């Protein structure tokens, strides 16, 4: 019997950036998994290696390390972790990124931190065409002028998508849980990202289920049962953050994005804005309700 405040359940160490927080939350609240294992998330590699070299009593409970592959071009990052015992399984999964849906992303010189309402700036994710129109004296027809200026910048969309898939596939080569095929089969019909680096709930549900299956194998349980438990629990999951950046209509049309159809609304704080709403407000630098 466990002593009060103590647990002898198997421990999974997670070596990943901030993107793993919703993933950990999903798994920790899936009853079947929560009753079976515990998770400990390390956002900094140094913190993980320090733990592995320590005399922490919970080291004996570690059964697996889940590593997020970020800089795949730096092989030294994916050498065996110092202090990792040979019986501990290592499962690798990729960095989550998707810049191809927002090809005009850029910084706006007007943006600066303005707490408490805008700790990351009024429009932390901007569009370089918006910034170029910011000083226009004529404030009429802003969206039409935006389209006129932006469409010529979108002549390489197919290449951007190809580059995206190639990048995912290259990172997959180092991973036990690849995502490129899932992305390729689902990006049109299902929203997988809210921003270039913020996955949507459907993505977290899928990657969480795949990791749960790997966990089941490690523990000698039924992978299908673990995966199904996460999939069921992830229904309705929203994903990361309060910002869901609007997609340019030309991008949505060319890529066939069903979730970004004309006049689709995207959340920005407590607001729901179409692409037109978001662009006009960003050009005017309107205040908005956080």
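Please go through segment 105-122 and pick out each residue that is assigned to a loop (DSSP other than H, G, I, E, B) and either surrounded by 12 or more Cβ atoms within 10 Å (Cβ to Cβ) or free of Cβ contacts under 8 Å to residues at least 12 places away in the same chain (or both).
Answer for segment 105-122, where residues must be assigned to a loop (DSSP other than H, G, I, E, B) and either surrounded by 12 or more Cβ atoms within 10 Å (Cβ to Cβ) or free of Cβ contacts under 8 Å to residues at least 12 places away in the same chain (or both): 107, 108, 110, 111, 112, 113, 115, 116, 119, 120, 121, 122.
Which of the residues belonging to segment 228-247 are in contact with a strand residue (DSSP E or B) (Cβ under 9 Å, 6 or more places away or on another chain) and assigned to a loop (DSSP other than H, G, I, E, B)?
Passing the criteria: 237, 238, 240, 241, 242, 244, 245, 246, 247.
Does residue 161 satisfy the condition of being surrounded by 15 or more Cβ atoms within 10 Å (Cβ to Cβ), touching a helix residue (DSSP H, G or I) at 6+ places or on another chain (Cβ under 6 Å) and either under 21 Å from residue 279 (Cα atoms) or not assigned by TED's automatic domain parsing to the domain that holds residue 32 (or both)?
Yes: the conditions hold for residue 161.
Looking at 211, 215, 225, 272, can you tell me which residue is outside any loop (DSSP other than H, G, I, E, B), farther than 19 Å from residue 98 by Cα and within 17 Å of the chain's Cα centre (by Cα)?
Only one candidate qualifies: 211.
Only one residue in 48, 26 is over 16 Å from the mean Cα position of the chain (by Cα) and part of a helix (DSSP H, G or I), so which one is that?
48
Which members of segment 180-206 meet the condition of being in contact with a helix residue (DSSP H, G or I) (Cβ under 7 Å, 6 or more places away or on another chain) and either buried (at least 20 other Cβ atoms within 10 Å of the Cβ) or within 15 Å of residue 168 (Cβ to Cβ) (or both)?
Once the filter is applied, which keeps residues that are in contact with a helix residue (DSSP H, G or I) (Cβ under 7 Å, 6 or more places away or on another chain) and either buried (at least 20 other Cβ atoms within 10 Å of the Cβ) or within 15 Å of residue 168 (Cβ to Cβ) (or both), segment 180-206 yields 180, 182, 183, 184, 191, 192, 193, 196, 204, 205, 206.
For the list (1) at pLDDT 95 or above; (2) in contact with a helix residue (DSSP H, G or I) (Cβ under 9 Å, 6 or more places away or on another chain), I need the number of the one condition that residue 174 fails.
Every condition holds for residue 174 apart from (1).
Looking at segment 67-101, which of the residues that are over 16 Å from the mean Cα position of the chain (by Cα) and under 23 Å from residue 196 (Cα atoms) is surrounded by the most Cβ atoms within 10 Å (Cβ to Cβ)?
72
Output the residues belonging to segment 51-65 that are crowded, with 16+ Cβ neighbours inside 10 Å and not in a helix (DSSP H, G or I).
Of everything in segment 51-65, those that are crowded, with 16+ Cβ neighbours inside 10 Å and not in a helix (DSSP H, G or I) turn out to be 62, 63, 64, 65.
Does any residue of segment 77-94 turn out to be farther than 25 Å from residue 58 by Cα and out of contact with any strand residue (DSSP E or B) (no Cβ under 9 Å at 6 or more places or on another chain)?
No.
Name, by its number, the condition in (1) surrounded by fewer than 18 Cβ atoms within 10 Å (Cβ to Cβ); (2) outside any loop (DSSP other than H, G, I, E, B); (3) in contact with a strand residue (DSSP E or B) (Cβ under 8 Å, 6 or more places away or on another chain) that does not hold for residue 41.
(1)
Within segment 160-170, is even one residue modelled with pLDDT under 95 and over 24 Å from the mean Cα position of the chain (by Cα)?
No, that holds for no residue.
Here's the yes/no breakdown for (1) in a loop (DSSP other than H, G, I, E, B); (2) surrounded by 14 or more Cβ atoms within 10 Å (Cβ to Cβ):
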position	(1), (2)
103	yes, yes
124	yes, yes
136	yes, no
152	no, no
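Check off (1) outside the structural domain of residue 117 (by TED's automatic domain parsing); (2) assigned to a helix (DSSP H, G or I) for residue 199 and give me the number that stays unchecked.
It fails just one condition, (2).
The values are calculated or read from the model by the stated rules, or taken from the named source; none is laboratory data. For clarity, every value in this text was computed on a predicted model and none was experimentally measured. Reconstructed Cβ throughout: ideal geometry from the backbone, glycine too, with neighbour counts over all protein chains shown.
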